[in-house]
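The values are calculated or read from the model by the stated rules, or taken from the named source; none is laboratory data. Model, not experiment: these values are computed from the prediction. With ideal geometry, Cβ positions are generated from the backbone for all residues, glycine too; neighbour counts draw on all protein chains shown. Calculation scope for accessible area: heavy atoms of the full protein, side chains included, ligands and nucleic acids excluded. Shrake-Rupley method; radii C 1.70, N 1.55, O 1.52, S 1.80 Å.
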Amino acid sequence: MNSNQRKRWFGLVLVILVCTVGFSTPFQHFAAFPNELRLFSGQMKRLQYGVPVHAEVTVDPQMLQINGTSEHSLSVNLNEPFSLQPNQSGQTNMKVKLFGKIPFKTIKVNVVPDLRVIPGGQTIGVKVKSAGILVVGHHQVMDREGAKQSPGEAAGLKMGDLIVSINNVPINEVHKVGEHCERFGNDKQPLQVTYKRGGQLNQTKLSPVYDADDHAWRLGLYIRDSAAGVGTLTFYAPDQGVYGALGHVITDMDTQTPIEVGEGQILQSNVISINKSQTGEPGEKRAQFVKEGKILGNIERNTPFGIFGKMNEAPTHSYSAKSLPVAFAEDVKEGPAQILTVVNGQKVERFNIEIVHVSKQSGPATKGMVIKITDKRLLSKTGGIVQGMSGSPILQDGKLVGAVTHVFVNDPSSGYGCFIEWMLQDAGVLLKSSLKRTGEAA
């Protein structure tokens with residue numbers, strides 16, 4: 001064997017060795033050591049890395065305790081679980097030395113104040129008034145000469161545009177559009193329309209047409225100023241007096257664009273029947289509003305993770321009035337879990353599910369987990385996830401970890417959930433600045 005052949009064989013063996021080490025379980029566990037840990041003050045976190053070595057772990061004992069001791073340094077077996085108990089909020093470092101001598105990792109530990117919320121599960125009625133007049137379509141108006149036209153379309157207005165003012169007067173009620181049209185009929189001055197499209201304000205001039213059939217001035221637009229429906233309350237944060245619900249954005253049913261909320265309310269709702277889900281055809285909760293004069297809370301924001309606002313008191317019909325701790329996104333794991341939801345009347349019940357996949361997200365993103373209904377009783381009642389179930393809180397290991405958001409059309413027993421962390425951020429309960437994390441891991 002000449003020298004070139006020996007070099008080739010040596011290179012091949014080296015590649016195999018590197019691949020073997022790289023894909024070995026201990027190496028992967030070493031690589032899984034995080035650069036940062038996030039903890040809630042007062043909540044113990046158990047860590048297990050499955051590495052068959054001993055290590056010396058050094059912390060600030062005033063902030064963290066390892067395995068319940070107040071020692072500055074402690075020898076731990078990384079092949080076995082060990083616990084961290086944060087005593088106060090703030091930032092510190094945890095240093096890990098393999099065999100007590102070889103510096104391996106310095107992990108940044110961020111401890112945020114303890115947070116507990118009351119999980120929901122109640123079916124709620126949702127009434128939303130948009131922050132303007134939403135264009136949902138065009139129609140042709142027949143004028144006095146018999147010609148058909150849509151002045152709104154001719155002015156460049158499109159489906160999904162939000163008209164926010166006419167002649168510099170803010171507008172968010174459909175009936176007031178007619179008043180502007182009648183005023184045009186008197187003075188024949190084109191309407192100065194300000195509208196929002198893609199977050200940008202634009203202006204156009206629009207001259208209504210007199211509808212010979214209806215004997216009224218028309219814009220040639222289908223418009224809407226409000227929406228209503230049912231969903232599920234996810235949580236109530238008593239210390240802040242705020243709530244979160246739905247787990248996904250409210251969109252207009254015609255334009256499929258997010259509704260920009262001007263004002264809104266959530267109300268008590270009573271489930272009267274269930275239209276079961278079937279493959280290819282998601283079911284729905286049939287519910288009616290209860291005590292429409294009693295408003296549970298207002299709606300201040302409509303985001304990709306649901307609706308949020310103020311709630312003055314704890315909601316009734318809770319599964320339990322006891323507040324629960326919450327979990328960070330990285331603490332959610334695949335395995336058994338439960339959801340809280342209503343399938344009849346106003347009674348919140350707990351049902352078993354399985355979290356079958358967890359996405360690694362270090363910043364707000366939808367579709368954080370894939371869930372599957374495993375509870376036979378729920379499957380018999382609903383066929384799986386149904387419309388109106390979105391927002392149902394997901395519990396795991398005694399913590400609130402997320403909310404149901406979507407159903408898989410071809411497998412209604414399964415669907416998506418979002419992490420509760422992102423909902424808490426949008427509610428203003430968990431501050432984004434304290435997390436110091438951005439982006440999303442693919």
- [ ] Quickly run through the stretch 357-385 and pick out the residues that are of a type in the set (A, V, I, L, M) and either modelled with pLDDT under 95 or open to solvent by 70 Å² or more (accessible area, probe 1.4 Å) (or both).
- [x] Ala365
Task: Selection from the stretch 248-293 of residues that are of a type in the set (D, E, K, R), open to solvent by 80 Å² or more (accessible area, probe 1.4 Å) and either under 15 Å from Ile124 (Cα atoms) or part of a strand (DSSP E or B) (or both) - done: Glu263, Glu281, Arg286, Lys291, Glu292
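This table checks each residue for (1) of a type in the set (Asp, Glu); (2) more than 30 Å from Asp161 (Cβ to Cβ); (3) in contact (Cβ under 8 Å) with a residue 40 or more places away in the chain.
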| residue | (1), (2), (3) |
| --- | --- |
| Ala227 | no, no, yes |
| Pro238 | no, yes, yes |
| Val242 | no, yes, yes |
| Ala245 | no, no, yes |
| Ser273 | no, yes, no |
| Lys276 | no, yes, yes |
| Ala287 | no, yes, yes |
TODO: Sort through Arg46, Arg144 and tell me the only one that's among the charged types (D, E, K, R), open to solvent by 60 Å² or more (accessible area, probe 1.4 Å), on the phi < 0 side of the Ramachandran plot and not in a strand (DSSP E or B).
DONE: Arg144
Open item on the list: Tell me yes or no: at least one residue of the stretch 176-192 is assigned to a strand (DSSP E or B), modelled with pLDDT under 95, among the basic types (Lys, Arg) and more than 30 Å from Arg350 (Cβ to Cβ).
Closed with: no
- [ ] Output the qualifying pairs, or none if there are none: Cβ atoms under 7 angstrom, residues six or more apart or on different chains, first residue in the stretch 167-182 and among the basic types (Lys, Arg), second residue open to solvent by 90 Å² or more (accessible area, probe 1.4 Å) and at pLDDT 90 or above.
- [x] none
Open item on the list: For the stretch 215-271, which positions are of a type in the set (Phe, Trp, Tyr) and either out of contact with any Cys (no Cβ under 6 Å at 6 or more places or on another chain) or closer than 25 Å to Val342 by Cα (or both)?
Closed with: Tyr222, Phe235, Tyr236, Tyr243
- [ ] Inspect the stretch 100-120 for any residue being buried (at least 16 other Cβ atoms within 10 Å of the Cβ), of a type outside the set (A, V, I, L, M, F, W, C), modelled with pLDDT of 90 or more and touching a His at 6+ places or on another chain (Cβ under 6 Å) and give the result as yes or no.
- [x] no
